[in-house]
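Novice: Following this message is one structure expressed as structure tokens.
Each reported figure results from applying straightforward, stated rules to the coordinates on display, with no laboratory input. Keep in mind that this is a model prediction, so the values were computed, not measured. Every residue, glycine among them, receives a Cβ derived from its backbone with ideal geometry; neighbour counts consider all protein chains shown.
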Amino acid sequence: MKKILVAISSIRLIPHIILLNLSSQRLGIKYEIDRWLKLSQIDEGVQIGFLYLMTFYPEYRNLFYYRIGHVSLALNFLCPRMDTLFISTKSIGYGLFIQHGFATIIAAKSIGKDCWINQQVTIGFNDAESPVLNDNVNIKAGAKVIGDVSIGSNSTVGANAVVVKNVPENCVVVGVPAYIIKRNGVKVKHDLPSRPILSEEDPLYGLINKTW
């Protein structure tokens, strides 16, 4: 049944297919499509997989429209974007995966590559400053990341956590306000640092690696 729906949907998606293949970002977009297909366990190639994603994953539509820019305004009536997912970020690395996506605001300063954002997440402003997400960051459902903060590479913000301070790389943080429960795969328990950690010689580095 899904293949029939995709075949029917492909007619309305002809302009989208053309734009995908003509876009200067096509290699990055195709990388992103492949990542979405793998994470969604869809066993299709990039071209057919693109049709699947546009047909059944409204979250992906929003991301694709973000990639192709203002021309997307002319295509939205053919394949509408998700109304409750807002993406307002100047720079997003390829590979962003948005799971479910409803009631989600993504208003970061920048987002690195291969990040993952769940539903009901707010990444937003405080006093006109917004967060930076580095590579391979995972933001779980209901989490809030607010203001001039940085989430380090390979870090996870747990469900419903509230982050208003910098998160070092390779950490898992939870709670309100968020605190560190894992660093480099080792259980720890420490508040988020009040300032960025510059190196392993920094006194704060030892504190956040203190075990339970």
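Novice: Take the residue pairs Lys3/Lys144; Lys2/Lys90; Lys30/Lys109; Lys38/Lys140 and return only those whose Cα atoms are more than 29 Å apart. Walk me through the numbers on the way to the answer.
Specialist: Details: Lys3/Lys144 37 Å; Lys2/Lys90 35 Å; Lys30/Lys109 24 Å; Lys38/Lys140 19 Å.
The answer is Lys3/Lys144; Lys2/Lys90.
Novice: Restricting the count to DSSP beta bridges whose residues both fall in the chain, what percent are antiparallel, rounded to a multiple of 5? Please report the intermediate quantities before stating the final value.
Specialist: Details: 10 of 35 bridges.
Given both bridge residues lie in the chain, the antiparallel proportion sits at roughly 30 percent.
Novice: Counting Lys +1, Arg +1, Asp -1, Glu -1, what net charge surrounds Ser72 among other residues with beta carbon under 10 Å of its beta carbon? Could you put the intermediate results ahead of the total?
Specialist: Numbers: positive: Arg61, Arg67, Arg81; negative: none.
Result for the local shell: +3.
Novice: Taking region 40-116 on its own, what percent of its Cα-Cα pair distances exceed 21 Å?
Specialist: 25 percent
Novice: Taking K and R as +1 and D and E as -1, what net charge do the other residues with C-beta under 15 Å from the C-beta of Gln41 add up to? Could the numbers behind the result be given before it?
Specialist: On the way: positive: Lys2, Arg35, Lys38; negative: Asp34, Asp43, Glu44.
Once positives and negatives cancel, what remains is 0.
Novice: Given the Cα atoms of the chain, and with Rh set as the inverse mean 1/r over their pairs in the Kirkwood sense, what is Rg to Rh to two decimals?
Specialist: On the way: Rg = 18.8 Å, Rh = 18.1 Å.
For the chain, the value is 1.03.
Novice: What does the extension gain come out to for Ile48 and Lys187, with contour length at 0.36 nm per residue minus their alpha carbon separation?
Specialist: Values: separation 139, 0.36 × 139 = 50.04 nm, distance 4.28 nm.
Full extension of this stretch gives 45.8 nm more.
Novice: Quick one: His70, His16, fewest Cβ neighbours within 10 Å first, how do they rank?
Specialist: With the sparsest Cβ surroundings first, the list reads His70, His16.
Novice: Also: At a Förster radius of 35 Å, what calculated FRET efficiency corresponds to the Cβ-Cβ distance of Ala128 and Tyr94, to the nearest 0.05?
Specialist: Numbers: r = 27 Å, r/R0 = 0.78.
My answer for the efficiency is 0.80.
Novice: Using a/c under 1.5 as the rounded threshold, could you call region 84-180 rounded, prolate or oblate? The axes a ≥ b ≥ c are square roots of the C-alpha gyration tensor eigenvalues, and prolate needs a/b larger than b/c, oblate otherwise.
Specialist: Working: a/c = 1.17, a/b = 1.15, b/c = 1.02.
The shape class here is rounded.
Novice: Also, quick follow-up: Using just the helices of the chain, give the 222 nm mean residue ellipticity in deg cm²/dmol: DSSP H runs with n ≥ 4 each add -39,500 (n - 2.57), and the total is spread over all residues, rounded to 500. Intermediate results must be reported in sequence, preceding the final value.
Specialist: Values: 6 runs with 62 residues, N = 212.
My calculation for the chain gives -8500 deg cm²/dmol from helical runs alone.
Novice: Using 5 Å bins from zero, what percent of all Cα-Cα pairs in region 1-81 falls into each bin?
Specialist: Binned Cα distances yield the sequence 3, 16, 30, 29, 18, 5, 1.
Novice: Still on this structure, I have one more. Could you please report the charge total around Gly175, scoring K, R as +1 and D, E as -1 over all other residues with beta-carbon less than 14 angstrom from its beta-carbon? Please list the in-between numbers first.
Specialist: On the way: positive: Lys140, Lys144, Lys165, Lys182, Lys189; negative: Asp191.
For residues surrounding Gly175, the net value is +4.
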